1. For the stretch A:116-161, enumerate the residues that are under 32 Å from the mean Cα position of the chain (by Cα), touching a residue at least 40 places away in the same chain (Cβ under 8 Å) and either more than 14 Å from chain B (Cβ to nearest Cβ) or at positive phi (or both).
2. Output the number of residues of the stretch A:454-492 satisfying the condition of being under 22 Å from A:Val21 (Cα atoms) and part of a strand (DSSP E or B).
3. What tally of residues in the stretch A:409-424 results from selecting those that are surrounded by fewer than 21 Cβ atoms within 10 Å (Cβ to Cβ) and touching a Ser or Thr at 6+ places or on another chain (Cβ under 9 Å)?
4. Determine whether A:Leu451 is within 21 Å of A:Thr397 (Cα to Cα), hydrophobic (A, V, I, L, M, F, W, C) and in contact with a Pro (Cβ under 7 Å, 6 or more places away or on another chain).
5. Working only within the stretch B:152-169, note down all residues that are touching a residue at least 12 places away in the same chain (Cβ under 8 Å), more than 12 Å from B:Leu197 (Cα to Cα), assigned to a helix (DSSP H, G or I) and within 14 Å of chain A (Cβ to nearest Cβ).
6. Quick one: count up the residues across the stretch A:54-111 that are among the charged types (D, E, K, R), over 20 Å from A:Asp127 (Cβ atoms), within 12 Å of chain B (Cβ to nearest Cβ) and touching an Asp or Glu at 6+ places or on another chain (Cβ under 9 Å).
7. Using beta carbons and a limit of 9 Å, which pairs, at least six apart or on different chains, have the first residue in the stretch B:176-199 and more than 9 Å from chain A (Cβ to nearest Cβ) and crowded, with 18+ Cβ neighbours inside 10 Å and the second one in a loop (DSSP other than H, G, I, E, B) and among the β-branched types (Val, Ile, Thr)?
Amino acid sequence: MSIELDQVTKRYQGVPVVNDVSIEVAEGEFLVLLGPSGSGKSTLLRAIAGLTEIDRGRVSLHGRDVTHVSAREREVGFVFQHYALFRHMTIGENIEFALRVRRAKTAERRDRRKELLRLVALEGMDDRLPAQLSGGQQQRIAVARALAHRPKVLLMDEPFGALDAKIREELRRTIRQIQRELGISTILVTHDQEEAFALADRIGVMHQGRLLECGKPDDLYTRPATRFVSTFLGAANLLLGYRSKDGIRFSPPGNPTPATSTVQEIVTVLRPEEVELAAGSKELKSTFVGHARVEEVLFGGAVERLRVRMQDGGTVASAVKGAAASSDGTLIEVTRTLPEKRQLPVAPGQRVALGARRIHVLPTPVSSFSAVATVEEDCARIAAAPMLQALSTRMLTRINHRVEPALGQPPDGKPPKVLAPPGVAAVESGPGGAARVEWLLRHGALQVLCLDPERPVPARVVIHAASDAALRPTMAVASSLLRNLPAEAAFLDIQPLDLPEEARAVQLRHLLDARSEAAAVHGLDVRTELRFGDSATELSKELAAEDTALLIVGLPLASAADAWQRLRPLARLLDARGGDPVLIVRAAT
Amino acid sequence: MRRFRQPSILPGFGLTLGFTTFFLSAIVLIPLAALIIKGSTPSLGQLKEILLDPRAIASYRLSFGAAFLAATINALFGFIVAWTLVRYEFPGRRLVDALIDLPFALPTAVSGIALTAVFAPNGWLGQKLAEVGVQVAYTWIGVVVALTLIGLPFVVRSVQPALIEVQRDLEDAAETLGASPFQIFRRIILPAVLPALLTGFTLAFARGIGEYGSVVFISGNLPMKTEITPLLIVIKLEQFDYLAAAALGLAMLVMSFVMLFAINLVQAWGRRRHVAAGR
């Protein structure tokens, strides 16, 4: 591996701006780090170059650990957004700088200078000053200068950011060509997805300091694993679906029946270009999703852009995308090619049938949030909790209100008449908290969040699975949430004190397996700790600090009756007023 | 005049040029001309006698030498001060930044008296220095100290904007290219701020040559030893020897002008080197 990052973390004033990032870049590979501004991508790049020190983790270049090696000894080439050419030196002097500080011979310097100027197609510019060159030319010189000392790694921080569109494209081609020609491992940072698609062998998408996903451009586009990536790379309609034995439906299940009790709420991605419009459901060539009314038609040159609003109640897909969600149906974005447009011209107000040619199901286990309480006011209060607000905004999902007058009452022996809301059900902590959680679990909830609406967004996440069976779903939920919380995470494995020595070793291996699985399957890198003792005590100890920490606990539940038994060690945390938020993930056994 | 008539955002070129000429004449040129006329009245023999008087020569040496030394010290430490103010965030940074300008605002006599009080053999610092055998007040060192105080703001205020201009990117770039901190300083930072540093040096030097108020208190004014030329001129005036005063003033004027002009030429040459193609 030519560049290897292992759990790199960088904090600014206590806030992680790069959070547990691990990447490997192969020899000669072109990796593009893509993310919105403030996602930590530039900081990460500077950390690789040694221009920024990291707080935790390891950076290796060509198998050599350079974590504590200064930038000047890392032998990397770095290209800056604003060129950073030395204005008082000529182009030739700029290019020769790296060789001059290495005290290379004059002849060698001159040969290298000529070679590099040829490479960037700016021969004969040796004696000009940077100010006499255009922006595009200056950036070419900056690239040439960065390559002068034959670095094995080239790092570029938004190199086209300050250039206009046409020069940008030309320079993009030049850089791709040079990179191929030299076979140099390259990382380029950008916020422009078009640039990423044009250049990358692999794209890594960063958000809030975390590397969410990393993969081949077309894989990331067609099979994103996260909401963020699906909406950041291209446009996407996110719809809630309900998966059962019969397939995926877009209408929520009604009252509990044997069939609906196994329905799982899922998040699906429907790309605008995968939507088919037809006059009626019979004319559709693809899977019928529902009826919709055309709201807006925009002609966009090669494609036509439409917005349609989902209609007829029964088949309405619940909105996931924030602002577009409202009681009168979801807005869906559609793009059509001109031949498609010719076949069925539509006008605003027209009713059409909507089909999906291809639907991608996100592997995220957290689909939506519901605030559950006995009265509506409490629902609103819970829904306004900073943490829920932050999560729903960032996860592009909405918070439903659910009034359940019977919430928290002990079981009456009869089978439940209502189903707990799908997704994450949120209840208030404090007296009776444990009873409320238990009620929800008994009524089929898969994830229950118990929180004090007054507490701020957690700065830390503690993950714990009560059994090995619960490990996998817990990690899945945790990674899904962590992608959307700028928090540091630690996985806590707690074993009884009297565990024999050889069992401890086995347990440690389990733990490491869990970590590598989390990294491989969910792209989540967390700190892991093995503790010995009573789990309730150890967890309270971990949560004792002043800051707000979210505890994610995986509980294996064989049956509904099991719930109370399993919850008992946590009851103190759930019943405490103003305590830390606790998310219980139910693992089916 | 026609070819000067460039269309301009600010109208009234004729008016402003007229005002500039009048203002410069009334404030600068006419008094200087009077000085030149008055200074040239004595015969060549008289002039030689006045200007080459050993006391006068000693005063030139002290005036120009101390001003040069003080400007050099300021160039060095003023650079460090400017660097600290530009590059670091620390509590009280704004306060320190404001303090830099104090020598501008303070009446120079006040600075002189304050310095004398501190550096006199019985003063705070004077006592300590006397123990190691260094006497500051009433020696040429005192003159240098006074001129350093007076000149500091010139260097700091000239270098500060130039240092802000040197982007961090440039240093980072040099570092990734393998330059050591010293090489970064010598090849990147220094060339970028050198013109500003030279300007600051010139201003501090010029101010030092002309300084009177702060020096007279700390120097002790011993003829041949700690007497600066401006003071000698005042002494001649007090003796109603107007001729000698004017002649000495003229001599200072010529020497200052030659030196400042020389520094300006160096600066212009440096600028040309940066702009011209070639190395």
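The values are calculated or read from the model by the stated rules, or taken from the named source; none is laboratory data. Just so we're clear, the structure is a prediction, and the values are computed from it rather than from any experiment. Cβ placement follows ideal geometry from the backbone for every residue including glycine, while neighbour counts extend to all protein chains displayed.
1. Within the stretch A:116-161, A:Glu158 is the sole residue that qualifies.
2. 10
3. Counting residues in the stretch A:409-424 that are surrounded by fewer than 21 Cβ atoms within 10 Å (Cβ to Cβ) and touching a Ser or Thr at 6+ places or on another chain (Cβ under 9 Å) gives 1.
4. yes
5. B:Glu165
6. Of the residues in that region, 1 qualify.
7. B:Ile189/B:Val166; B:Val193/B:Val166
Residues are listed down the side, and each one gets a yes or a no for (1) acidic (Asp, Glu); (2) at pLDDT 90 or above; (3) buried (at least 23 other Cβ atoms within 10 Å of the Cβ); (4) in contact with a Gly (Cβ under 8 Å, 6 or more places away or on another chain):
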| position | (1), (2), (3), (4) |
| --- | --- |
| A:Phe160 | no, no, yes, no |
| A:Ala165 | no, no, no, no |
| A:Glu181 | yes, yes, no, no |
| A:Ile184 | no, yes, no, yes |
| A:His191 | no, yes, no, yes |
| A:Val205 | no, yes, yes, yes |
| A:Pro217 | no, yes, no, no |
| A:Thr222 | no, yes, no, no |
| A:Thr231 | no, no, no, no |
